[in-house]
Amino acid sequence: MKEKEKMLKGMLYVSSDAELRKMHEISRKLMDQINATAFNNFKERETLCKKLFGSTGNDIRINKPFYCDYGQNIHIGDNFYANFDCILLDVNTITIGDNVMFGPRVSIYTATHPIDSEIRNEGLEYGEAVSIGDNVWVGGSATINPGVSIGDNSIIGAGSVVVKDIPENVIAVGNPCKVLRPITEEDRLYWQKKRQSYYQGI
């Protein structure tokens, strides 16, 4: 079995493998191009991200700088926005749904290492996939760790460190990140009223 296959299956693998080094080289060239674009040129960055990522939907808006490992293990839905300094370490699959927003300095890590130092020092590592549902907002400087899933419509507070799965329709905050409260019908009515005032110019 190739090292790439082991990597994507969550098995121990060696990142210095020739095929993986070649993948790194391709991704870094595309990242250089992305980070060299004019600040307001979201369209060119979207075109480059479509080459870099495994799959994307429409309307991908990413501020620079942006960083990832391989790119091709990242799958993003429609209407994605990432603010400055987004880091996606995709040694395993990162799946992001539709209408997802990242604040500045959001980091997703699928990469991890053995607890045993002897094995770790041999250069063996592994990764665990991360999944983010639809309509999720991740606040600035939040860190999402390997193996985590975040459910639809949830909000992750700024600075949170997500180490366990977060269900749908909740606000979760802290280090370690924990559910603060559900998102309720009262929240929906409150923000609909705010929207109505906006459009009425009140």
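The values are calculated or read from the model by the stated rules, or taken from the named source; none is laboratory data. What you see is a predicted model, and the numbers here were worked out from it, not measured in a lab. We place every Cβ from the backbone using ideal geometry, glycine too, and count neighbours over all the protein chains shown.
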- Query: under 30 Å from D17 (Cβ atoms), hydrophobic (A, V, I, L, M, F, W, C) and surrounded by fewer than 16 Cβ atoms within 10 Å (Cβ to Cβ), is that true of I132?
  - Reply: no
- Item | Restricting the range 53-64 to residues that are in contact (Cβ under 8 Å) with a residue 24 or more places away in the chain and over 14 Å from the mean Cα position of the chain (by Cα), the residue that is farthest from I87 (Cα to Cα) | G57
- Message: Give all pairs with beta carbons closer than 7 Å in which a residue from the range 80-104 that is of a type in the set (S, T, Y) meets a residue that is surrounded by 21 or more Cβ atoms within 10 Å (Cβ to Cβ) and in a loop (DSSP other than H, G, I, E, B); count only pairs at least 6 apart in sequence or on separate chains.
- Response: T93/N73
- Task: Only one of these is assigned to a strand (DSSP E or B), of a type outside the set (V, I, T) and either over 27 Å from Y126 (Cβ atoms) or at pLDDT 95 or above (or both): L88, L48. Name it.
- Result: L88
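Tell me which residues, restricted to the range 100-112, are assigned to a loop (DSSP other than H, G, I, E, B) and surrounded by fewer than 21 Cβ atoms within 10 Å (Cβ to Cβ).
Step one: of the range 100-112, the residues assigned to a loop (DSSP other than H, G, I, E, B) are 100, 103-106, 110.
Matches in the range 100-112: P104, R105.
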- Restricting the range 152-189 to residues that are basic (K, R) and assigned to a strand (DSSP E or B), which is surrounded by the fewest Cβ atoms within 10 Å (Cβ to Cβ)? R181
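Given the structure, is I115 without any contact (Cβ under 8 Å) to a residue 40 or more places away in the chain and either buried (at least 17 other Cβ atoms within 10 Å of the Cβ) or part of a strand (DSSP E or B) (or both)?
Details: without any contact (Cβ under 8 Å) to a residue 40 or more places away in the chain: yes; either buried (at least 17 other Cβ atoms within 10 Å of the Cβ) or part of a strand (DSSP E or B) (or both): no.
No.
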- Item | Of all residues in the range 135-145 being more than 17 Å from D69 (Cα to Cα) and among the aliphatic types (A, V, I, L, M), the one that is surrounded by the most Cβ atoms within 10 Å (Cβ to Cβ) | V138
- Residue within the range 126-149 that is in contact (Cβ under 8 Å) with a residue 40 or more places away in the chain and assigned to a strand (DSSP E or B) present: yes
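Residue by residue, here is whether (1) within 20 Å of the chain's Cα centre (by Cα); (2) hydrophobic (A, V, I, L, M, F, W, C) holds:
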residue	(1), (2)
M1	no, yes
L8	yes, yes
S16	no, no
F39	no, yes
